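Some notes on the structure that comes next.
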Amino acid sequence: MKTKPAHVMVVTPHPDDAEYGVAGTVVRWVSQGKEIVYVVCTNGDKGTSDASIKPEELATTREEEQIAAANLLGVREVIFLRRPDQSLEDTPEFRKEIVRLIRMYRPETMVTADPYRRYVWHRDHRITGQVTLDAVFPYARDLHSYPELMREGLYPHKVKEIFFWGTEDVNYRSDISETFHVKLTALRCHKSQVGHIPAQELEERLNERHRLLAEGEDFQLAEGFHRVEIVW
Ligand SMILES: [Zn+2]
């Protein structure tokens, strides 16, 4: 099994969550020469209120939208796990799938949804965050976790930091003042999700959110994360 090292791995529950969560920061990282890989856990086939769209058509559309957005941002590769929408569970099999990818891509930085956001929070977001966190520590690190991965040549790997989006406990604000417009354009690639929102309204909503997150900083617009540095 060949490894394909990247600097950053973004694990997103649905197509479009990563654009809301981290796209502005992704653009900045790409401009610094970092290589980014997206892992999209579900096919997003329940993300519509239009009864005329069949789930399987929606899944295809959303993959195309995700690829368009990722290309725009400069993401190197998008991996689709194609699990059914609204069906993620914290299982050994799902965890192993993420561990396999961590060991294959060997990122310094992981980005995902905060599993500890309270109350109304999409179950797929909660599960994705939890499984990713557990995959980083201890499973990707430990020699004797999933010995079959070792036999495939996927050796233990230590991730250095995790960024959680959608957090109630922001401890890291990332400057997206210069990259906001690219984030907005990437979000607009997800037409099945944001196509019904008037263009100006979407921009204003997003601008307001990122302006509030930048309060107290010496820049205008921020994405907010709970960042955990892992001391090994
Ligand atoms: Zn989502």
Using the Kirkwood radius over Cα pairs of the range 1-132, the Stokes-Einstein translational diffusion coefficient at 25 °C and 0.890 mPa s, in µm²/s and rounded to a whole number, is 162 µm²/s
Applying a 10 Å radius around every beta-carbon, put 202-213, 179-190 in order of their mean neighbour count, most first. 179-190, 202-213
Counting just the Cα atoms, what span does the chain cover along each of its three principal axes? Round to the nearest Å and put the largest first. 53, 47, 35
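Once the other residues with Cβ under 13 Å from the Cβ of ALA68 are scored (Lys, Arg +1; Asp, Glu -1), what is the net sum?
Values: positive: ARG62, ARG188, LYS191; negative: ASP16, GLU19, GLU63, GLU64, GLU65.
Summing Lys and Arg as +1 and Asp and Glu as -1 gives -2.
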Span per principal axis, largest first, for the Cα atoms of the range 56-172 (Å): 39, 32, 28
Along the principal axes of its C-alpha atoms, what lengths does the range 139-202 span, in descending order and rounded to whole Å? 53, 30, 23
Check ILE79: other-chain or 5+ apart residues with amide H under 5 Å from its amide H, H built from backbone geometry? TYR38, VAL39, VAL40
Coarse-grained scattering of the range 105-214 at q = 0.16, 0.24 Å⁻¹, given as base-10 log I(q)/I(0) from a Debye sum over alpha-carbon atoms: -0.93, -1.32
Search the structure for amide H atoms under 5 Å from the amide H of ASP90, placed 1.01 Å from N in the peptide plane, and list their residues when 5 or more places away or on another chain. none
Explain nothing, just compute: Karplus ³J(HN,Hα) = 6.51 cos²θ - 1.76 cosθ + 1.60, θ = phi - 60°, for every residue of the range 130-137 in order, whole Hz, x for Gly and Pro. 5, 5, 5, 4, 5, 5, 4, 9
Rg followed by Dmax, in Å, when the range 179-232 is reduced to its Cα trace: 14.1, 47
Loop-located GluC sites (Glu not before Pro) in the range 19-112 whose Cβ has at most 16 other Cβ within 10 Å (DSSP): GLU89, GLU108
Using a Cα-Cα cut-off of under 20 Å, which lysines could be cross-linked to LYS54, ignoring same-chain neighbours fewer than 8 residues away? LYS46, LYS191
Under the Karplus curve 6.51 cos²θ - 1.76 cosθ + 1.60, θ = phi - 60°, whole-Hz ³J(HN,Hα) for the range 6-21, x wherever Gly or Pro sits: 9, 7, 9, 10, 9, 9, 10, x, 10, x, 4, 4, 5, 5, 5, x
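Values quoted throughout were computed directly from the atomic coordinates according to the rules given, and no laboratory measurement underlies them. No experiment lies behind these values; they were computed from the predicted model shown. Cβ coordinates were reconstructed from backbone atoms using ideal geometry, including for glycine residues, and neighbour counts include every protein chain displayed.
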